[in-house]
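Q: Below are the structure tokens for one structure; questions will follow.
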Amino acid sequence: MRKAWKISALLLLAPVLVLANTVTYDYEPVLTTYGTGTHIPGDYIFSEDLAKVFVDEFFIGGVPYFNFARIEPASAIFGNNQIMNLNNIDLVIDFTADGDVTFEYLDLGGSVNLQVNGFGTVLEAEDLVMLAGNVAPGVTMNVSVVPIAGGHRGVVTLIGQVYALRVGGQEFWVDGMFCDNGISSGMSGCDYEVTHESLALGKTWDGSTVAPGDWIFAEDGIDVTIHELDWGTGGLGFNYCRVEAPAVIDFGFNHTMAMNNVSNRYHISSLGILVKEVKFEFLDHGGMENLQVNGSTLFIGDLPTFPNNVAPGVVMTMVTYPVGSSMRAEVTLTGDVQDLLVGGQEFFIDEICVIKGEPLDCDHLVDHESLSVGDNWGTSSGHGPGDLAFVEDGVPVKLDRFDAGSGMFFNYCEAVPALSGLGTGRVMNLNNICNVYDISAVGAWVGEVTFEFLTYGGVENIQVNGAPMFVGDIELAPVSIAPGVTYTLTTYLVPGGFRGEVRLVGAVNELVLGGQEFYVDNICVMLNASSSVSPQMQSPSLVLNPNFPNPFNPRTTLSFSLEHEKNVRLTIHDVAGRLVKTLMSGRKSAGDHNVVWNGKDQHGSSVAAGIYFVRVATGSGEVQVQKIGLIK
């Protein structure tokens, strides 16, 4: 019963990982222009964070106009990083699923348009404030404004099941369109994409023009070759692939790839990057499929029946949707995917999305790569508590007893291959034993330690700097894990268990980890720049800006700026210092960044009115904290 409880509890934590579609306009080149001359009303122009963006006509007195939309740098009075200028044109955002929507705007004159979920005619007004109220069945709009010279800026909140938003103006700018629908992280889109938009509709490759293994095209730096389809009965098919328009609603964008008894291989390795995740969509009208990742096992059959562990260190998850007698699906491959082969018989594919991984920003790293698979320590190898197991990157790793809650044990630990998306190369299996990482041996002031883990059941041990040992489910360890050290984590479900990433912020000198069916990797030590200056005073390279609005209800925009690219974690805490929600965690570029907090906690529940604290911390030790107020 204990393991079943652990998994069900994590389902409640899922919103930490999948929060919303957010369109920030930060991924399109500055000054890219859409509209008259290059587009017609209704044209798709780009996607961001799984949301689709289109341009359409702007109405004044019922008369349609179609001028331009342009990506511009944020100004001193509005926006973050990049914004969208709308000049006598409407922008249509098709979110992946429905939810509450928030966006910011700047209005310097003229009239505006608004339409929600395609309901009724396009609404016209002199200002969005005049349209506040019920704007579509079950959807209410609130608008707050701040006057500025020549106009005003404001925040629009649409409460209800919003899945499509149309908005436009004349001297009008928008930014930060946030749909709280639980679909994506909202922190990044695709770093590289094969969308087939660069190919002409009807373009076909078949046996009369190409042979198995031939290069057929490249898009966004990814080479694509064509291959036979293995029927699994000793036969091979090689018919054709062709660029077609989507056959069903909600599958793909403008151009998709139809496959008829062929497979396509996506050579992601041509990018020369570490990959965190690869996603793609498919539509299946019947027959069998092939899938192969990184040259590992070739799977033949019905794609949804393939195992989760498709290659060493790569885990596949899938969401399927019935489409009549057919099926469409969204596939996520988590891990370092360098080579992807996929094909079918009556099969369509689109939106192959590559999200790059970032090398860990570590001053010292215990990643177990200096060990050989099968290296082990413990009772069976003649070791006892306190014995040194190995030293890696200046960090000695010793052995200790494991507290199972019902008694003390001392079994074994062993270096094993990476599994279920955890780590790379080799990871450490802890079986009723603890590893003690003597971080003080690096001889420097430590600002932060992170590590990755995978658990399939049992209880875990974690102890920092000799403080009381936590015994239980690692996701329930206290935020104040030791004096001056805070504990936060992010979790991911995997078949039979879950994996996670733990962050310990503070002067960590010793870390003890243990478990029963427990694996750890990439214990990353990041040094503080100075042992005599508090993190907040070390450098102006991190600036946490005042939130807007403040006080707020129910949403506020939090913003910060970085002088250099860094690992960043943005969290909300209550007045007791307890973690309320993790809003951002990952590598961020130099410049300005923002994220919207919707007043909800890790479990998706609305929090009580009161005082809360925003905390932003970088991998190099800088920390900024700010007080904010939620009103009801």
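Q: Could you run through region 498-511 and say how many residues are crowded, with 20+ Cβ neighbours inside 10 Å and either at pLDDT below 80 or of a type outside the set (G, A, S) (or both)?
A: 8
Q: Kindly state which strands (runs of 3 or more DSSP E) lie completely within region 339-387 and contain at least 2 residues that are closer than 17 Å to V436 by Cβ. Talk me through it step by step, then tell me what you get.
A: Details: elements: 340-356, 364-366, 376-378.
Once the strands (runs of 3 or more DSSP E) in region 339-387 are filtered for at least 2 residues that are closer than 17 Å to V436 by Cβ, what remains is 364-366, 376-378.
Q: A further question follows. So which of V342, V331 is buried (at least 16 other Cβ atoms within 10 Å of the Cβ), in contact with a Lys or Arg (Cβ under 7 Å, 6 or more places away or on another chain) and not assigned by TED's automatic domain parsing to the domain that holds V436?
A: Of V342, V331, the one residue that is buried (at least 16 other Cβ atoms within 10 Å of the Cβ), in contact with a Lys or Arg (Cβ under 7 Å, 6 or more places away or on another chain) and not assigned by TED's automatic domain parsing to the domain that holds V436 is V331.
Q: Just checking, does region 466-479 include any residue being surrounded by 23 or more Cβ atoms within 10 Å (Cβ to Cβ) and part of a strand (DSSP E or B)?
A: Checked against the condition, which is being surrounded by 23 or more Cβ atoms within 10 Å (Cβ to Cβ) and part of a strand (DSSP E or B), region 466-479 yields no hits at all.
Q: Pairs only if they're at least six apart or on different chains, beta carbon under 8 angstrom, first in region 311-336 and more than 25 Å from I268 (Cα to Cα), second polar (S, T, N, Q); list them, first residue then second.
A: If the second residue must be polar (S, T, N, Q), the pairs left are M327/T320.
Q: Can I ask one more? Quick one: which of L558, L544 is surrounded by fewer than 22 Cβ atoms within 10 Å (Cβ to Cβ) and either at pLDDT below 85 or outside the structural domain of L430 (by TED's automatic domain parsing) (or both)?
A: Going through L558, L544 in turn, just one is surrounded by fewer than 22 Cβ atoms within 10 Å (Cβ to Cβ) and either at pLDDT below 85 or outside the structural domain of L430 (by TED's automatic domain parsing) (or both): L544.
Q: Follow-up question, since we're still on this one. Given the options I226, I222, I216, name the one that is touching a helix residue (DSSP H, G or I) at 6+ places or on another chain (Cβ under 7 Å) and either under 22 Å from S269 (Cβ atoms) or among the hydrophobic types (A, V, I, L, M, F, W, C) (or both). Reasoning before the result, please.
A: Values: I226 fails: touching a helix residue (DSSP H, G or I) at 6+ places or on another chain (Cβ under 7 Å); I216 fails: touching a helix residue (DSSP H, G or I) at 6+ places or on another chain (Cβ under 7 Å).
One residue alone meets the criteria, I222.
Q: Right, another one. Any idea how many residues of region 295-315 are under 16 Å from T334 (Cβ atoms) and either buried (at least 21 other Cβ atoms within 10 Å of the Cβ) or among the aliphatic types (A, V, I, L, M) (or both)?
A: 5
Q: Answer yes or no: is there a residue in region 273-286 that is surrounded by fewer than 21 Cβ atoms within 10 Å (Cβ to Cβ) and in contact with a Pro (Cβ under 9 Å, 6 or more places away or on another chain).
A: yes
Q: Do we find a residue being of a type in the set (K, R) and either under 21 Å from G423 (Cα atoms) or surrounded by 21 or more Cβ atoms within 10 Å (Cβ to Cβ) (or both) anywhere in region 256-265? Spell out how you get there, then give the answer.
A: Filtering region 256-265 for residues of a type in the set (K, R) gives 265.
Next, from what is left, pick out any that are either under 21 Å from G423 (Cα atoms) or surrounded by 21 or more Cβ atoms within 10 Å (Cβ to Cβ) (or both): none.
Looking through region 256-265, none of the residues is of a type in the set (K, R) and either under 21 Å from G423 (Cα atoms) or surrounded by 21 or more Cβ atoms within 10 Å (Cβ to Cβ) (or both).
Q: Picking from D90, D94, which residue would you name as being surrounded by fewer than 21 Cβ atoms within 10 Å (Cβ to Cβ), assigned to a strand (DSSP E or B) and not small (G, A, S)? Working first, answer last.
A: Details: D90 fails: surrounded by fewer than 21 Cβ atoms within 10 Å (Cβ to Cβ).
So the residue among D90, D94 that is surrounded by fewer than 21 Cβ atoms within 10 Å (Cβ to Cβ), assigned to a strand (DSSP E or B) and not small (G, A, S) is D94.
Q: Something else: Give me a count of the residues in region 388-429 that are part of a strand (DSSP E or B), among the charged types (D, E, K, R) and either out of contact with any strand residue (DSSP E or B) (no Cβ under 6 Å at 6 or more places or on another chain) or at pLDDT below 95 (or both). Before you say what the answer is, go through the steps one by one.
A: Going through region 388-429, the residues part of a strand (DSSP E or B) turn out to be 388-392, 395-400, 402-403, 408-409, 412-419, 422-429.
Those left that are additionally among the charged types (D, E, K, R): 392, 398, 400, 403, 414, 426.
Of the ones still in play, those that are also either out of contact with any strand residue (DSSP E or B) (no Cβ under 6 Å at 6 or more places or on another chain) or at pLDDT below 95 (or both) are 392, 426.
Final tally of qualifying residues: 2.
The values are calculated or read from the model by the stated rules, or taken from the named source; none is laboratory data. Every value quoted in this text rests on a predicted model; they were computed, and no experiment measured them. Cβ sites come from the backbone with ideal geometry, for glycine too, and all protein chains shown count toward neighbours.
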